[in-house]
Amino acid sequence: EQSSLLTTFDGTGQLADGTLLPLLANVGGAKDAQEAAMANAQGVGLLRTEFCFLGNSTEPSHEDQVAAYQGVFEAFPGKKVVVRTLDAGADKPLPFLTDSTEPNPALGVRGYRTDLTTPGVLARQLAAIAAAAATTEAQVWVMAPMISTASEAADFAALCTAAGLRVPGVMVEVPSAALTARHILDQVEFASLGTNDLTQYAMAADRQLGPLATLNDPWQPAVLALVQATVEGAIAQAKHSASLETSLPKPVGVCGEAAADPALAVVLAGLGVSTLSMTPRALPAVAAVLRTVTLAQAQVLAQRAVGAPSAAAARELVRAGLPALADLG
Ligand code: PEP
Ligand code: MG
């Protein structure tokens, strides 16, 4: 009984009071997507398309791209699949997009910014995503990595519209995007918090450097405050948007590794995020712990974490309020 709780996810993410919190998977291609479907993920919250083409020295052809995306969509008929456009650069260089001689690659031309130096690749990728989407029952959403301003979000949304893709969104993984989420969400339909890079950039600590691991911790209250600011931005955008018929905020999910930490997942739920996307291995434990708290309890724990003086204190305060964690070992 206990072990089945830990090794399986029944396919419905929810809190103790019945509040639904869909749990999605982060995948890098068709094989991962099949495994995620076997693990009962409720969809794909992050398809890292650069993982499909890490071995390519040249831009993948339209046909190769369509096949790669179709392979993922086929694993999730009727479900949401969020495709992220190529996030090349820094820790994931792609020879056809990135300049390996940049002095500060994490602060350089990476993610969406490669459209400045290599125009056309992004538009061709969006055309391939749209072609693959036309042949599937999956609900295809598309988002850009490393968006820093509302103007970039608007430019990306225009490219999506031109390609016939109807649900454009952005990753919020740069502090400037978190702090201007209200204006960014005027331009796109959803946001997805990338807590790995959001932590790296909030703490000014290279995510690949072991000695900086204490700084590179999504429990850092500064990072949690940026998550909170993003959700608040979505609420403000909904309140002030011209379409008064719906005041529901646009979705703000999380697709960074933070979502895979059960105690941090509770904090993120309490901060008001609408979905969590993670490595499929993490689904059972995250789902089990989420079911032990109501939304009101998660909100209390989240405010304690945001108000804590350190990452360690935030973690301790939340763990102390989650007796279910002890059962997970
Ligand atoms: C992130 O930055 O949190 C994220 C999900 O993207 P990646 O880890 O691929 O940079
Ligand atoms: Mg990132």
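A few remarks follow.
- Of all residues in region 80-136, those satisfying the criterion of being surrounded by 17 or more Cβ atoms within 10 Å (Cβ to Cβ) and acidic (Asp, Glu) are Asp87, Asp115.
- Here Gln237 clears all of (1) touching a Lys or Arg at 6+ places or on another chain (Cβ under 6 Å); (2) buried (at least 22 other Cβ atoms within 10 Å of the Cβ) except the condition numbered (2).
- Near pairs, Cβ below 8 angstrom, 6+ apart or cross-chain, from region 112-123 (on the phi > 0 side of the Ramachandran plot and at pLDDT 95 or above) to any residue that is polar (S, T, N, Q) and in a helix (DSSP H, G or I): none
Okay, residues lined up against (1) at pLDDT 95 or above; (2) away from ligand 2 (no atom under 16 Å from the Cβ):
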{"residue": "Arg182", "(1), (2)": "yes, yes"}
{"residue": "Gly194", "(1), (2)": "yes, no"}
{"residue": "Leu198", "(1), (2)": "yes, no"}
{"residue": "Ala202", "(1), (2)": "yes, no"}
{"residue": "Ala234", "(1), (2)": "yes, yes"}
{"residue": "Leu248", "(1), (2)": "no, yes"}
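- Yes/no for Leu212 being buried (at least 18 other Cβ atoms within 10 Å of the Cβ), under 24 Å from Glu173 (Cα atoms), of a type outside the set (Gly, Ala, Ser) and away from ligand 2 (no atom under 16 Å from the Cβ): no
- Unique match (being within 16 Å of ligand 1 (Cβ to nearest atom) and surrounded by fewer than 16 Cβ atoms within 10 Å (Cβ to Cβ)) among Ala222, Ala313, Ala265: Ala222
- Annotation note: Cβ proximity below 7 Å between a residue of region 155-167 that is at positive phi and a residue that is assigned to a helix (DSSP H, G or I) (sequence gap 6+ or interchain) occurs for Gly164/Ala130.
- Scanning region 169-192 for residues that are in contact with a Phe, Trp or Tyr (Cβ under 6 Å, 6 or more places away or on another chain) and among the hydrophobic types (A, V, I, L, M, F, W, C) turns up just one, Val174.
- Scanning region 1-35 for residues that are among the small types (Gly, Ala, Ser) and modelled with pLDDT under 95 yields a total of 2.
- Being out of contact with any helix residue (DSSP H, G or I) (no Cβ under 8 Å at 6 or more places or on another chain) and either in contact (Cβ under 8 Å) with a residue 24 or more places away in the chain or within 16 Å of ligand 2 (Cβ to nearest atom) (or both) is a description that does not apply to Gly89.
- Screening the candidates Pro60, Pro77 for the property of being in a loop (DSSP other than H, G, I, E, B), surrounded by 14 or more Cβ atoms within 10 Å (Cβ to Cβ) and at pLDDT 95 or above yields one hit, Pro60.
- Residue check: Asp32 meets all listed conditions (1) within 16 Å of ligand 1 (Cβ to nearest atom); (2) part of a loop (DSSP other than H, G, I, E, B); (3) charged (D, E, K, R) but one, namely (2).
The values are calculated or read from the model by the stated rules, or taken from the named source; none is laboratory data. Just so we're clear, the structure is a prediction, and the values are computed from it rather than from any experiment. Heads up, the Cβs are rebuilt from the backbone with ideal geometry, glycines too, and the neighbour counts pull from every protein chain shown.
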